[in-house]
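Visitor: First the structure, then my questions, so here it is.
FYI, it's all coordinate maths here, none of it is from the lab. Keep in mind that this is a model prediction, so the values were computed, not measured. Reconstructed Cβ throughout: ideal geometry from the backbone, glycine too, with neighbour counts over all protein chains shown.
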Amino acid sequence: MTPALAPTVTVRVQAEDFDPGAELVLLEQLGGGGVASFTGIVRGGDGLAALMLEHHPGMTAKAMRAIADTALARWPLLGLTLIHRHGTLVPGARIVFVGTASPHRAAALEATMFLIDWLKTRAPFWKQELHADGRTAWVAARTEDDDAAKRWDGVDG
């Protein structure tokens with residue numbers, strides 16, 4: 001009997017843009033029956049000129065890896081990718097990518113939803129809105145995001 005291969009895990013915090021298509025190809029090559037993903041985009045509107053994301057490199061990478069490890073323990077994943085950008089991003093820029101590969105679609109879809117919900121609420125990023133009129137505002141945690149993350153507490157895949 002051949003031992004199961006360890007899942008392929010990619011966790012990156014970076015200023016540079018990423019190519020969701022290229023990330024999906026890497027997950028598809030793992031040979032599963034389902035690949036799921038989410039790409040987050042900086043929203044525009046209300047005079048938003050840019051979103052500035054700050055983070056503590058060591059703390060953020062560790063938190064993101066812990067979130068990935070939780071998903072790996074809950075769902076039968078062949079691989080997962082978490083990418084979160086930092087720096088100053090304009091509306092329309094890609095900000096986050098979550099992708100999963102699994103033998104079955106349900107696990108890939110559920111794990112992707114879990115990962116983005118927990119990434120949004122448990123990874124230490126600080127976001128400041130920069131408006132065209134010179135106003136700035138730190139983005140506060142949203143109750144809807146906290147509620148979405150809580151639904152996964154105690155859930156096994």
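Visitor: Return the calculated 222 nm mean residue ellipticity for the chain, to the nearest 500 deg cm²/dmol, obtained by summing -39500 (n - 2.57) across DSSP H runs with n ≥ 4 and dividing by the residue count.
Guide: Roughly -10500 deg cm²/dmol at 222 nm, from the helical runs in the chain.
Visitor: For the chain, with only Lys/Arg (+1) and Asp/Glu (-1) charged at the beta-carbon, what is the dipole magnitude about the Cα centre, in debye rounded to 20?
Guide: On the way: 15 positive and 18 negative charges, 42 e Å.
About 200 debye.
Visitor: Please compute the net charge surrounding His86, taking Lys and Arg as +1 and Asp and Glu as -1 over other residues with Cβ under 13 Å from its Cβ. Intermediate results must be reported in sequence, preceding the final value.
Guide: On the way: positive: Arg12, Arg85, Arg94, Lys127; negative: Glu16, Asp17, Glu54.
Neighbour charge sum, excluding His86 itself: +1.
Visitor: Order by neighbour count: Lys127, Lys120, fewest other Cβ atoms within 10 Å first, most last. All intermediate terms of the calculation are to be shown ahead of the outcome.
Guide: Numbers: Lys127 17, Lys120 20.
Starting with the residue having the fewest Cβ neighbours, the order is Lys127, Lys120.
Visitor: Taking the Cβ of each residue in His55, His84 as the centre, tally the other Cβ atoms inside 10 Å and list the residues starting with the fewest.
Guide: Working: His55 20, His84 23.
Final ranking by Cβ density, sparse to dense: His55, His84.
Visitor: Specify which residue in the list Ala6, Val25, Pro124 is farthest towards the positive end of the charge dipole of the chain, using unit charges on the beta carbon of Lys, Arg (+1) and Asp, Glu (-1), about the Cα centre.
Guide: Checking the options against the dipole of the chain, the answer is Ala6.
Visitor: When the chain is fully extended, how far beyond the present Cα-Cα distance does Met59 get from Trp126, taking 0.36 nm per residue of separation?
Guide: Details: separation 67, 0.36 × 67 = 24.12 nm, distance 1.25 nm.
Extra length from Met59 to Trp126 when fully extended: 22.9 nm.
Visitor: Arg142 versus Met52, label points 7 Å from Cα toward the beta carbon: distance in nm?
Guide: Computed distance between label sites Arg142 and Met52 equals 2.2 nm.
Visitor: Within the chain, which whole H helices from DSSP have a Cα span along their axis of at least 15 Å and a mean Kyte-Doolittle hydropathy of -1.0 or more, if any? Display every interim value, and only then the final one.
Guide: Values: long enough: 57-74 (26 Å, 0.17); 105-122 (25 Å, 0.31).
Membrane-span-like by this rule: 57-74, 105-122.
Visitor: Can you give me the long-range amide H partners of Ile95? Hydrogens built in the peptide plane at 1.01 Å from N, cutoff under 5 Å, separation of 5 or more residues or another chain.
Guide: Amide H to amide H, under 5 Å and 5 or more residues apart or across chains, Ile95 pairs with Gly40, Ile41, Val42.
Visitor: From the phi of every residue in segment 86-97, what ³J(HN,Hα) in whole Hz does the Karplus formula 6.51 cos²θ - 1.76 cosθ + 1.60 yield, where θ is phi - 60° and glycine or proline is x?
Guide: Here the 3J(HN,Hα) series is 9, x, 9, 10, 8, x, x, 6, 6, 10, 8, 9 Hz.
Visitor: Sorting Ser102, Ser37 on the 10 Å Cβ count, fewest up front, what's the list? If you can, show how the numbers build up before the last one.
Guide: Working: Ser102 27, Ser37 19.
Lowest to highest Cβ neighbour count: Ser37, Ser102.
Visitor: What does the charge count near Ile41 come to, summing +1 for each Lys or Arg and -1 for each Asp or Glu among other residues with Cβ under 13 Å from its Cβ? If you can, show how the numbers build up before the last one.
Guide: Working: positive: Arg43, Arg85, Arg94; negative: Asp17.
The answer is +2.
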